[in-house]
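No lab work stands behind these numbers, since they all come straight from the coordinates. No experiment lies behind these values; they were computed from the predicted model shown. Positions of Cβ are backbone-derived with ideal geometry, glycine not excepted, and every protein chain shown enters the neighbour counts.
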Amino acid sequence: MELAPMAFLKRIALTFLTVLSFAVPASAQSDDTLVFATVHRPPFVDTEGDQIKGFSIDLMRAIADELGGKRRL
């Protein structure tokens, strides 16, 4: 089955973009500080004294740990 010239070019372009989409995230990592922001909404974020706790805080800490970043909380 022979493809029309435009269909062939579309297939080549989509193949190239697919391969490129896998390469870009690997090169997007950097040593820059990762900053998270949230609002005070229990149970997602709550304070107990000077401690910040909650689901969102736990999630942000897990993401920082997975990325190998340093935490400042």
Spin-label model distance (nm) - A7 vs L34, 7 Å beyond Cα toward Cβ: 4.4
Positive minus negative residues near L17 (Lys, Arg vs Asp, Glu; Cβ under 12 Å): +2
